[in-house]
Structures are given as structure tokens and as C-alpha cells.
Amino acid sequence: MTFLFGTGSIEDKFRRIFKATYQHSRNLALFVTTYKTLMVLQRRIKGKEDGFDSFFAGLIGGYCVFGEDNNINQQINMYLLSRVSIGLAKIAVNKGYFLAPKHSFQIFAAVVWGIVMWQFRHERDVLQGSLQASMQFLYNDSEVFSNLGNWLWRNR
């Protein structure tokens, strides 16, 4: 996405990709270390693992490692939020708290896309910068182009 929607030279784009990859892998390594350390400490203190030990370790690790508001953490946290939301909905259906409506995934997709398109048109500043840039290219910049090359590749 950096190559398609990002600005700057090839070197700048590679630098941004390397920096983002480093931060992503570093944060995951720090989280795993924090989580596993807290799990071991809790087991040693209590003599066994309790039901909420993993939640507590994840809570502390998430706060310490992924709590800084930056683009990489936003991407990771939003990815997890989507997976957790779907997981919670599946748990609720599996436990019989409610029935899954027919075409539930289509309804989910429709609501998500309806909301993001409305936000893009009316409250763009609430969307993450990379999403704004790709949507700007796809839905606005693509309306004006001088040749096939800048319509297909990048049109600014």
C-alpha cells in the first residue's frame, strides 16, 4: 500500500516500510515476552493457571506495548478488534444467547462498508491516514486522470 498510495521517492517508501516492519515485529516480540512472563509469574504465585490469567496478562501487555497511539499500533489493534468482535458474536451464538440472522456476514459487510463510506465523505478526519489516502485515490483522484498510466498507477 505504501508503494501504491504513499508519496515520496522509492528510497523514502522503502525507509517507511522498513521502519513499520521493524516497529511491528518489535512490538509483537515485546508483547509475547510480556505476556509469557506474566503468565509464568501468575502460575508460580498461584500454583496453577486461573481463567482470567490470560486476560490479565493480555491487558497489561496490550497497555504497555500497544497502548501508544501510532499508525502501526492502530493497525494491529483495529485488526484484533475486528477478529475479537466476530469471535464474541460467534461465542454468543454458540452459547444460544441469540440466533445468527440469515445472511449475517452480508449484513456485517454492508454495515461496515456503509459506515466507512459515510465517514470518508462526511467525517474523513476520524479515519486512519493510510485509509484516507487509499480511499482518496480510489474514490476521488480516480475521477480525474490525464492518461491510462496515471489512472492505473497513481494519479497525482
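For the chain, the longest principal axis of the Cα atoms and the long axis of helix 53-66 meet at an angle of about 40 degrees. Volume of the convex hull of the range 41-102 (Cα atoms only), normalised per residue: 101 Å³.
Within the accessible area of the chain, what % is carbon and sulfur when the probe is 1.4 Å and the other protein chains stay in place? In the chain, the share of accessible area belonging to carbon and sulfur is 66 percent.
The residues of the chain have, on average, 76 Å² of accessible surface per residue, using a 1.4 Å probe with all protein chains present. With all pairs of separate Cα atoms included, the chain yields a Kirkwood hydrodynamic radius of 19.3 Å. Rolled with a 1.4 Å probe across the full set of protein chains, the surface gives Leu59 an accessible area near 100 Å².
Pairs of alpha carbons in the range 1-82 separated by more than 20 Å make up 46% of all such pairs.
The values are calculated or read from the model by the stated rules, or taken from the named source; none is laboratory data. Please read these numbers as outputs of a predicted model, since none were measured by experiment. Ligands, DNA and RNA are stripped out before the accessible areas are found, and what is left, the full protein with its side chains, is counted by its heavy atoms. Shrake-Rupley method; radii C 1.70, N 1.55, O 1.52, S 1.80 Å.
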